[in-house]
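The values are calculated or read from the model by the stated rules, or taken from the named source; none is laboratory data. Note that the structure is a prediction, hence the values are computed from the model and not measured. Cβ placement follows ideal geometry from the backbone for every residue including glycine, while neighbour counts extend to all protein chains displayed. For accessibility, only protein heavy atoms count, side chains too; no ligands or nucleic acids. Shrake-Rupley method; radii C 1.70, N 1.55, O 1.52, S 1.80 Å.
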Amino acid sequence: MRTFTTVALGLIGAAVASASDVSSLTKDTFTDFVTENDLVLAEFFAPWCGHCKALAPEYEEAATTLKEKNIKLAKVDCTEEADLCKSYGVEGYPTLKVFRGPENISPYTGARKAPAIVSYMTKQSLPAVSTLTKDTLEDFKSADKVVLVAYFAADDKASNASFTTVAEKLRDNYLFGAVTDADLAKAEGVSFPSVILYKSFDEGKSVFSDSMDAEAVEKFATTASIPLVGEVGPETYAGYMATGIPLAYIFADTEEERTKLAEALKPVAEKHRSAISFATIDAKAFGAHAGNLNLKVDQWPAFAIQDTVNNKKFPYDQESEITADLIGKFVQDFVDGKVEPSIKSEPIPETQEGPVQIVVAKNYNDIVLDDAKDVLIEFYAPWCGHCKALAPKYDILAGLYTEQGHADKVTIAKVDATANDVPDEIEGFPTIKLYKAGDKSNPVTYSGSRSIEDLIKFIKENGKHEVSVTYEEETAEAEKPAEPTAKETEDSTETATEEVKETATEAAEAEKTADAHDEL
Ligand SMILES: *[C@@H]1O[C@H](CO)[C@@H](O)[C@H](O)[C@H]1NC(C)=O
């Protein structure tokens, strides 16, 4: 059956491939392909992966556009080419990598939409720094949203070298050019050496003449390129999260209102520049994200600050007006540490019904950080299939500790991490951690199989009390619906592993996006 399906799909695949601008590669063709083509974007995928399916039409479209520029797009089916994918360190699907020959490989960090792929790969195809003259400078300045041009003397090798270093590092984000004509520098009002960042927003350009030290130039580029009041969207969200400074969101459901509020709050943004990023966000498209900031999701406009490092949320009272004065005061109070973060929590359960302790944000410290006990906690999401599959086993596990008289030493707990703000960084569901008695600041994350036996072993080996419980083999057998044949077991394990991988990747993404929005 399996063979038949593979063959049938293979045939369909072949028929489609002939009409496609994306090259399907195997272990026999891959190396030759990335050697013969100077610049290749390769997608490592699995046919069952949802994100891969969503990418497919975008990828096709980008391949067709980029064909003219001689930039090739390729794909590798990792269910057929497991070794090839492994050799490139593929851990989740889809994985996209840029190849400049078989040895020079970098991850693709752009968005998974056709225009973004085209723009990203076009930038990759240009030299890191374009040499500019009086004929090319003017057009170059406005060739992208953010363009950096260095002005230095033709014999200034040091400035050239440090600017090139920065350009190679940030080439995915901005365009870089260099001018050695002293008259052009003079016309721009700068002396050698200087860098000017041209932008299609705010004041139009920022000048940097302090030093041509690579680190200083990089810092200038990353800060001066952020608009005073920007926009949170799928393309910019990750950038904001990576700044290491808090992000202030201005939610509004019309473009007009966003423009108006951005203008009104500019003085506040200016005052806190380089300490807090300010950005508007389309409440119609990404309103769900307001929920992640503990705002009501149906009342606009709204304002909230997110501590992007500790993921703490500071929603502004939705009954209050949004004015420069009021927001100015709120932001100043935030900076002064006078605003308490808002914590999302389900109510504390009145009684704990089952052997598994139900944790919510409000009783997290009491249960999880109880210093007398080894606490195993599962972070789950209601939509997560693997969490549902684990639930009956987890109940049995918890029962073993209570029934065998260890409830004073070991707690088995779970928390719905989508409905409660927890201090832990959760990258996929389920995540299971052990908080050891007497050592609550160093939780151990469980990475073994999700079997009762292995979990018991984990608790014994990592808990302070080294408690072990007995778990009868017969009971174990009775739970399994039927003993599967060896062949089937193999297949179902394979699928399970694949699913785990996809779930891990998708959950991580869902998490990240859930934090942003479903589509963000
Ligand atoms: C910077 O140095 C490189 C390598 O020596 C050279 O090819 C390039 O032309 C220089 N850039 C400018 C603008 O002179």
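Observations, loosely collected:
- Every residue from region 142-169 that is near the ligand (Cβ under 9 Å from one of its atoms), among the aliphatic types (A, V, I, L, M) and touching a helix residue (DSSP H, G or I) at 6+ places or on another chain (Cβ under 7 Å): 150
- Qualifying residue in region 127-136 (condition: more than 16 Å from the ligand (Cβ to nearest atom) and either surrounded by 14 or more Cβ atoms within 10 Å (Cβ to Cβ) or more than 10 Å from residue 175 (Cβ to Cβ) (or both)): no
- Residue among 248, 262 that is under 30 Å from residue 295 (Cα atoms) and either among the polar types (S, T, N, Q) or part of a strand (DSSP E or B) (or both): 248
- For residue 172, the stated conditions hold: it is part of a loop (DSSP other than H, G, I, E, B) and touching a helix residue (DSSP H, G or I) at 6+ places or on another chain (Cβ under 7 Å).
- Inside region 285-307, residues that are among the small types (Gly, Ala, Ser) and free of Cβ contacts under 8 Å to residues at least 24 places away in the same chain make up a count of 1.
- Qualifying positions in region 398-433 - within 25 Å of residue 309 (Cβ to Cβ), among the hydrophobic types (A, V, I, L, M, F, W, C), touching a residue at least 60 places away in the same chain (Cβ under 8 Å) and crowded, with 17+ Cβ neighbours inside 10 Å: 422, 426, 429
- Inter-residue pairs, beta-carbon under 8 Å, first under 16 Å from residue 197 (Cα atoms) and of a type in the set (Gly, Ala, Ser) and in region 125-141, second open to solvent by less than 60 Å² (accessible area, probe 1.4 Å) and outside any strand (DSSP E or B), 6+ apart: 128/164; 128/167; 128/171; 130/140
- Qualifying residue in region 346-353 (condition: open to solvent by less than 10 Å² (accessible area, probe 1.4 Å) and either in a helix (DSSP H, G or I) or under 25 Å from residue 436 (Cβ atoms) (or both)): no
To keep it simple, each residue is scored yes or no on (1) part of a loop (DSSP other than H, G, I, E, B); (2) open to solvent by less than 10 Å² (accessible area, probe 1.4 Å).
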{"site": "270", "(1), (2)": "no, no"}
{"site": "274", "(1), (2)": "yes, no"}
{"site": "278", "(1), (2)": "no, yes"}
{"site": "285", "(1), (2)": "no, no"}
{"site": "290", "(1), (2)": "no, yes"}
{"site": "299", "(1), (2)": "yes, no"}
{"site": "318", "(1), (2)": "yes, no"}
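- Scan of region 105-123 for residues that are open to solvent by less than 30 Å² (accessible area, probe 1.4 Å) and hydrophobic (A, V, I, L, M, F, W, C), ordered by number: 111, 114, 116, 117, 118, 121
- Residues (in a loop (DSSP other than H, G, I, E, B), within 16 Å of the ligand (Cβ to nearest atom) and within 33 Å of the chain's Cα centre (by Cα)) located in region 175-219: 212
- For region 55-99, a residue qualifies if it is of a type in the set (S, T, N, Q) and either open to solvent by less than 60 Å² (accessible area, probe 1.4 Å) or touching a residue at least 24 places away in the same chain (Cβ under 8 Å) (or both), and the qualifying residues are 64, 65, 70, 79, 95.
- Flag if residue 102 is away from the ligand (no atom under 12 Å from the Cβ), surrounded by 19 or more Cβ atoms within 10 Å (Cβ to Cβ), in contact (Cβ under 8 Å) with a residue 24 or more places away in the chain and under 30 Å from residue 34 (Cβ atoms): no
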